[in-house]
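Asker: Below you will find the structure I want to go over with you.
Read the figures in this text as sums done on the coordinates, not as results from a lab. Just so it is clear, the model here is predicted, and its values are computed rather than measured. Quick reminder, even Gly has a Cβ in these numbers, built from the backbone with ideal geometry, and neighbours come from all protein chains shown.
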Amino acid sequence: MASKIAVVVALLTVFSTRGFPPAQTVTPDAQRLGREILKELIETNTTHSTGSTTVAAERMAARLLTAGFPRADVAVVGDADRRGNLVARFRGSGSGRKPVLFIAHLDVVEAKRDDWSMDPFVLTEKDGYFYGRGTLDVKGGAATLVTAFSVLRQRGFVPDRDLILALTADEEGGSDNGIAWLLAKRRELIDAEYCINLDTGGGELRGDKVVALEVQAAEKVYQSFTLTARNPGGHSSLPIKDNAIYRLAAALTKLSAHQFPTRTNEVTRGYFAGMAKLGGAMAADLRAVSTTPTDERAAQRLSEKSAFYNAILRTTCVATMLNAGHAENALPQTAQATVNCRLLPDDDSKAVRQALGAAIADPQIAVAPVAEPTPSPPSPLAPEVFKVIESASRPIWGAIPLIPFMETGATDGLFLRNVGMPVYGVTGIAYDPDDVRAHGKDERILVRSYDEGVDFSIRLAAAIGGKPIAAASK
């Protein structure tokens, strides 16, 4: 019997050979609305220090009410004053099919005006780009969803199943006011057959062309450890060889040379197989790691050429923070480093901790977990989900392949996967993998990519609602 990945690859091969011509981009009215909503979101400060997702959620709720959603189907909920969530329900015709959930988060990481070339909280259009904190991560995606729900409602569209929109707090902050709060306190609002997460995946740009659409079906598991060296210390005028800072530095040097073993799974093998079909200098090596057993020489070459490929192929651990000493004229009594690991979905936290200890090989360095990890089991590669995504993408970008992939970071999808809800990450805002500025200076997206993202969200919501849009969005 063919594996699920074989079924998906076969399905995508059929899609990629049909030769659908690209359709027009989103119509002027929808484009205008999409840009207005993006501007409103970017210019609403939702940082954890001084901002409010509640304000942003209320403004998006007002947009949906204006579009004709009943007040009873639009709610801003949450226990924290500045960490509210928006949940809206697009009621269907009652076919009996379970709802589908669409998510994006409203909170953003900090951004200082002095660090940027322009105000990060003003949407700036320049040289074909939209600049602003959250344009890529992920207010751009949130804006396309609000636009899609609004446009479809205004057209009188009635899906054959309920569609649920959740714009959440605290994805960046890692606390429990967002998806975790909704699952714990108001799960009935977001319970669904599966989820579409706009915080990951999407079209990959090479030059000015979208060459593939990546669909996230798995993500790595977040786990941090502390490495701690302790010493009696003493006066700095009487130094000794056994110094806590030196001991910790030696341990970190050993850690920097450690590489976890290669291991692939159904999703990552599908990713490498899909990327190999795009050709290029690394195609042969990509193909070689898409089968089992993995070609270790090919895996090593890919790991050396690309930090991204390295992260897909194995668990990774890296030192991210240091804290040592208590006075400049005293020998350090404690030196501590934080090491952040991103585990493969099926990796064992205890085994990773043991591997760190073995790599350091110093019994005087204590290795301890900062917190217990939250597992994130991969979602099944369901052909019917890929088919509906393809039906939304092909009128915009033509016959591009859909490629399953594993997110190297973490998203809110992990909370949903842990309660048994499959999650598929995909956005219509295409990105250049060599120009990803999320969390950084001058975050930006292409204006054209944003407009296509609006079009894609309209088409995807319609297709999931049982009524695909065959021609241009109207």
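Asker: Please compute the modelled spin-label separation between Val318 and Ala351, points set 7 Å along Cα→Cβ, answer in nm with one decimal.
Answerer: Distance between the two pseudo-spin positions: 2.3 nm.
Asker: So, counting K/R as plus one and D/E as minus one, what does the shell of residues with Cβ under 15 Å around Arg71 add up to?
Answerer: Computed value for this residue: +2.
Asker: With θ set to phi - 60° and the Karplus curve 6.51 cos²θ - 1.76 cosθ + 1.60, what are the ³J(HN,Hα) couplings of the range 122-132 in order, to the nearest whole Hz, using x for Gly and Pro?
Answerer: After applying 6.51 cos²θ - 1.76 cosθ + 1.60, I find 10, 5, 10, 9, 8, 6, x, 10, 9, 9, x Hz.
Asker: Continuing with the same structure: Going by how many other beta carbons lie within 10 Å of each one, how would you line up Ser256, Ser457, Ser391, Ser237, fewest first?
Answerer: With the sparsest Cβ surroundings first, the list reads Ser237, Ser256, Ser391, Ser457.
Asker: OK, next. With an 8 Å Cα cut-off and a minimum separation of 6 or more residues, compute the relative contact order for the range 103-205 in percent.
Answerer: 38 percent
Asker: How far apart, in nm, are the 7 Å Cα→Cβ label points at Asp81 and Gln259?
Answerer: Computed distance between label sites Asp81 and Gln259 equals 5.3 nm.
Asker: Give the separation of the Cα centroids, the range 216-247 to the range 310-348, in Å.
Answerer: 8 Å
Asker: Show me, for the range 85-100, the HN-Hα J-couplings you get by feeding each phi into the Karplus relation (A = 6.51, B = -1.76, C = 1.60, θ = phi - 60°), rounded to Hz, glycine and proline as x.
Answerer: For the range 85-100, the Karplus-derived couplings read 10, 9, 10, 10, 10, 9, 6, x, 7, x, 6, x, 6, 5, x, 10 Hz, x marking Gly and Pro.
Asker: While we're looking at this one, here's another question. From the square roots a ≥ b ≥ c of the eigenvalues of the alpha-carbon gyration tensor of the range 377-474, which class results: rounded (a/c under 1.5), prolate (a/b over b/c), or oblate?
Answerer: Oblate shape, in that a/c is at least 1.5 and b/c is the bigger or equal ratio.
Asker: How would you order 182-193, 396-407 from highest to lowest mean count of nearby Cβ atoms within 10 Å?
Answerer: Highest to lowest by the protection proxy: 396-407, 182-193.
Asker: Which of rounded, prolate or oblate describes the chain when judged by the alpha-carbon gyration tensor and an a/c cut-off of 1.5?
Answerer: prolate
Asker: Still on this model: Mean separation of Cα pairs under 8 Å and 6+ residues apart, divided by the residue count of the range 221-369: what relative contact order is that in percent?
Answerer: RCO, the range 221-369: 41 percent.
Asker: Let me ask something else about it. My understanding is that a pair violates if its Cα-Cα distance is over 26 Å; which of Lys209/Lys277; Lys126/Lys387; Lys209/Lys387; Lys139/Lys220; Lys305/Lys387; Lys39/Lys220 do that in this structure?
Answerer: Pairs exceeding the cut-off: Lys126/Lys387; Lys305/Lys387; Lys39/Lys220.
Asker: At Leu65 and Thr334, where each label point lies 7 Å from the Cα along Cα→Cβ, what is the point-to-point distance in nanometres?
Answerer: 5.1 nm
Asker: Moving on to the next point. Quote the relative contact order of the chain in percent (integer), defining contacts as alpha-carbon pairs under 8 Å separated by 6+ residues.
Answerer: Relative contact order of the chain: 26 percent.
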